[in-house]
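The values are calculated or read from the model by the stated rules, or taken from the named source; none is laboratory data. Please read all numbers here as calculations on a predicted model, not as lab measurements. Positions of Cβ are generated from backbone atoms using ideal geometry, with glycine treated the same way; all protein chains shown enter the neighbour counts. Protein only, heavy atoms only, side chains kept; ligands, DNA and RNA dropped before computing areas. Shrake-Rupley method; radii C 1.70, N 1.55, O 1.52, S 1.80 Å.
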Amino acid sequence: MEARYLIPDDYAADPAVHVFNGKTWIYPSHDRDAGIPEQDDGSHFDMVDYHAYSIDGDPMTGKVTDHGVILDVKDVPWAERQMWDSDVAEKNGKYFLFFSAKAYDGTFHIGVAVSDRPDGPFKAMPEPIAGSYSIDPCVFKGPDGAYYIAFGGLWGGQLQRYRGNKAVYTAAEDTLPDGYRCALEPAEDEPALCAKIARLSDDMTSFAEAPRDILIVDENGDPLKAKDHNRRFFEASWLSYRDGKFRFSYSTGDTHLICEAVSDGVYGPYKFDKVLLQPQIGWTTHHCITEIDGKWYLFHHDSAPSGGKTWLRSLKVKPL
Ligand code: FUB
């Protein structure tokens, strides 16, 4: 079946889609043209707000409604720019928007904003989540009822600066003269850097434990290597539970694939399983997988409608 463009009148990327009280909600990044030249650290993705959208009924045909701005960077005390990927979770009638943004010192962190409604407005906590870093939060309610957050992204997402949850490299060390495949990543034959996962606190506003690695292993049980660009994690974490298995899906970044790995436990290790989505028009690829009325759907973005402008992306959906 042909994929459907969901928001033809605006640019939107990095979908997070959930069903809350029987209604389907989309929380995307809100792309705009900030006039910043394209550069390796992703500064041209300079988004300033988030909108919420809802879909009536079948996501392939149902009416999509824009509920307007739910959070603006000017209302986030700690954040200066680049409102990147976000996700929303519901717990006990409250809604928690988790989002990545750059602080005034140029470092990415993950913030939380709270609302009584899925369409906001959301009020941001004054500080980012303590101990948070990098980008692309995804919040997953496990079959045990606990909430987990997965996050991380390489290159512009700054994950390569961290080891053991500590910043061990500086921004200046990020960039090599010959480009952004930087010295801070492990050597080619070393294990690749991993996305992170932590259980959330009961009030959903902090990590209940130190973030752990989401290890992806190959068919022999060996960790994927840094040189394995077709399979190693780059950004865009998403967790789902289907057919009795935990499924971790993600983007491979510079090889532009969406891949999935499976595990018997939420923390992994996850065994590499398959490619879910081939490269699309545009550089980034980012997705989510959501069950709506008993069917699973893949939401993702591409840059076809903007004529390939990597920072102006459009949201699509198709049955998984
Ligand atoms: O939208 C900005 C960044 O591009 C996201 O955080 C990444 O996942 C990539 O899609």
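Per-atom-type breakdown for the stretch 174-272 gives carbon and sulfur 47% of the accessible area (1.4 Å probe, protein chains only). When nucleic acids and ligands are ignored and a 1.4 Å probe is applied, Val275 ends up with an accessible area of around 60 Å². Note on the stretch 118-213: dipole from Cβ charges, positive end direction compared against Gly153, Ser132, Ala171; the farthest Cα belongs to Ser132.
Kirkwood radius, the chain, all distinct C-alpha pairs, inverse of mean reciprocal distance: 19.4 Å. With the charge dipole of the stretch 186-320 set up from +1 on Lys and Arg Cβ and -1 on Asp and Glu Cβ about the Cα centre, the Cα lying farthest toward the positive end among the listed residues Ala304, Leu200, Gly294 is that of Ala304.
With a cut-off of 15 Å between beta carbons, the residues surrounding Leu257 carry a summed charge of -3, where Lys and Arg count +1 and Asp and Glu -1.
Each eigenvalue of the Cα gyration tensor of the stretch 124-238, multiplied by 5 and square-rooted, gives one semi-axis; in descending order these are 26, 19, 10 Å. Too long at a 22 Å Cα-Cα cut-off: which of Lys102/Lys271; Lys23/Lys316; Lys196/Lys274? Distance filter (> 22 Å) returns Lys102/Lys271.
With the convex hull drawn around the C-alpha atoms of the stretch 85-174, the volume per residue stands at 105 Å³. The alpha carbons of the stretch 215-320 stretch over 41, 39, 17 Å along the principal axes, in descending order.
The alpha carbon gyration tensor of the stretch 19-135 gives principal lengths a ≥ b ≥ c with a/c of 1.5 or higher and a/b no greater than b/c, which makes the shape oblate. Highest mean packing comes first when the peptides 47-60, 75-88 are listed by Cβ atoms within 10 Å, giving 75-88, 47-60. Projecting the Cα positions of Leu239, Asn220, Phe20 onto the charge dipole of the chain (unit charges on Cβ atoms of Lys, Arg, Asp and Glu, taken about the Cα centre) puts Phe20 furthest along the positive direction.
Amide H contacts of Ala124 (H built 1.01 Å from N, in plane; Pro and chain starts excluded): Val114 sit under 5 Å, all sequence-distant by 5 or more or on other chains.
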